[in-house]
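Step one of this worksheet: look at the structure below.
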Amino acid sequence: MAFSRRTLLAGSLASLTLAACHRGTGGAVLKVGSQKGGTKAVLLASGVLEGAPYAVEWSEFPAAQNLLEALGSGAVDLGLIGDAPFQFAFQSGSPTKAVAVQRVEGKNPGILGIVAPAHSPLRTIHDLVGKRVATTHGSIGHYLILRALIANGHKPDAAHISFLSPSDSRAALQSGAVDAWSTWAPYTVAAIAEGARVLVDGRLYSEGNSFDVANEQAIVDKRPLLADFLKREAHALDWAVAHGGDYAKVLAHETGLPLPVAQGTVEAARRVRGTIDPALIRDQQVILDTFLASGEIKANRPVAQAFEPII
């Protein structure tokens, strides 16, 4: 994975939009990336950024890979990333660190899964051997298909994986170009709403952790801003648990998702602030070992070095 401003511009600038959510008083700016509107929507809906002594510039990305490229190049200071894509990027040399963690509250269905068309004869992970599965390279969906195959006694290359963007994966599934799609919310929720069914439930293979990931230079230069934002984000997460309907409306507005899909996404992905501790790091080692076993990662940086808690 190349972490350069050229890669960012070529790969995701067309889908990137910037907007200052408010103006701070001291001229300081924190550049925050948001995947499919999620982080931006919950921060805006909750109102927790009111009175912050800095401006926030939002950048929108369709998937973790694009956001990680922006983080690695310094085009973005902070962004929420699933644990598997972050580990993939960190092992690839990305100059980023996880500064805080969000965990899924409870084991909610729909946040992660491998989906197949309703008419498909496929029923279990074993049926995917020799079949075509779409996912995004280095994503949590990529990890899921590898982990599910290995955990069920198959080699990680037992299925034919096609690396596509979420939008191209959706089209490939609908056209029959692939047999299944390994993905995450809101894409899982939207696919189910369009008639797909869950073939493999990702809750069996993932702890559902996501990390607030910061560029290393931003950690040095903007540490107080990052700490303040993360505290406000924690309040926003608490607010979202109690105000899911309001959050879903803003999410639908920000992303263009149909309201029922936004509501399903909010229900599936109820997140709270977690703790970066030895148990979490052990979970991350499982992810690294899975990518290593599949040959997707060659480096083996110590997992603990990927973390620099700010709060």
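The values are calculated or read from the model by the stated rules, or taken from the named source; none is laboratory data. Everything numeric in this text was worked out from a predicted model, so none of it was measured. With ideal geometry, Cβ positions are generated from the backbone for all residues, glycine too; neighbour counts draw on all protein chains shown.
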Practice prompt. Mind listing whichever residues of region 154-175 are farther than 22 Å from Gln35 by Cβ and assigned to a loop (DSSP other than H, G, I, E, B)?
Written response: His154, Lys155, Pro156, Asp157, Ala158, Ala159
Discussion item. When you check Thr188 against the structure, is it under 21 Å from Ile125 (Cβ atoms), of a type outside the set (Gly, Ala, Ser) and part of a helix (DSSP H, G or I), yes or no?
Written reply: yes
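Run down Leu226, Leu257 and say which single residue is at pLDDT 95 or above and aliphatic (A, V, I, L, M).
Numbers: Leu257 fails: at pLDDT 95 or above.
Only one candidate passes the filter, namely Leu226.
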Fill in: Test result for Ala196, over 30 Å from Ile297 (Cα atoms), of a type in the set (A, V, I, L, M) and touching a strand residue (DSSP E or B) at 6+ places or on another chain (Cβ under 8 Å)
yes
Worksheet item: For region 263-302, which residues satisfy the criterion of being under 22 Å from Trp184 (Cα atoms), within 18 Å of the chain's Cα centre (by Cα) and in a loop (DSSP other than H, G, I, E, B)?
Response: Ala269, Arg270, Gly274
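Quick one: which of Leu173, Leu251 is in contact (Cβ under 8 Å) with a residue 40 or more places away in the chain, of a type in the set (A, V, I, L, M) and farther than 30 Å from Pro121 by Cβ?
Just a single option satisfies the conditions, and that option is Leu251.
Buried (at least 18 other Cβ atoms within 10 Å of the Cβ) and touching a helix residue (DSSP H, G or I) at 6+ places or on another chain (Cβ under 9 Å): is that true of Val266 in this structure?
yes
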Worksheet item: Across region 71-100, what is the total count of residues that are buried (at least 22 other Cβ atoms within 10 Å of the Cβ) and within 12 Å of Phe291 (Cβ to Cβ)?
Response: 9
Worksheet item: In region 186-214, which residue that is charged (D, E, K, R) and in contact (Cβ under 8 Å) with a residue 24 or more places away in the chain is farthest from Leu144 (Cα to Cα)?
Response: Asp212
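Within region 131-153, count every residue that is in a loop (DSSP other than H, G, I, E, B) and either touching a His at 6+ places or on another chain (Cβ under 7 Å) or surrounded by 15 or more Cβ atoms within 10 Å (Cβ to Cβ) (or both).
From region 131-153, those in a loop (DSSP other than H, G, I, E, B) are 131, 136-139, 152-153; that's our starting set.
Within this subset, residues satisfying the condition of being either touching a His at 6+ places or on another chain (Cβ under 7 Å) or surrounded by 15 or more Cβ atoms within 10 Å (Cβ to Cβ) (or both) are 131, 136-139, 152.
Residues in region 131-153 being in a loop (DSSP other than H, G, I, E, B) and either touching a His at 6+ places or on another chain (Cβ under 7 Å) or surrounded by 15 or more Cβ atoms within 10 Å (Cβ to Cβ) (or both): 6 in total.
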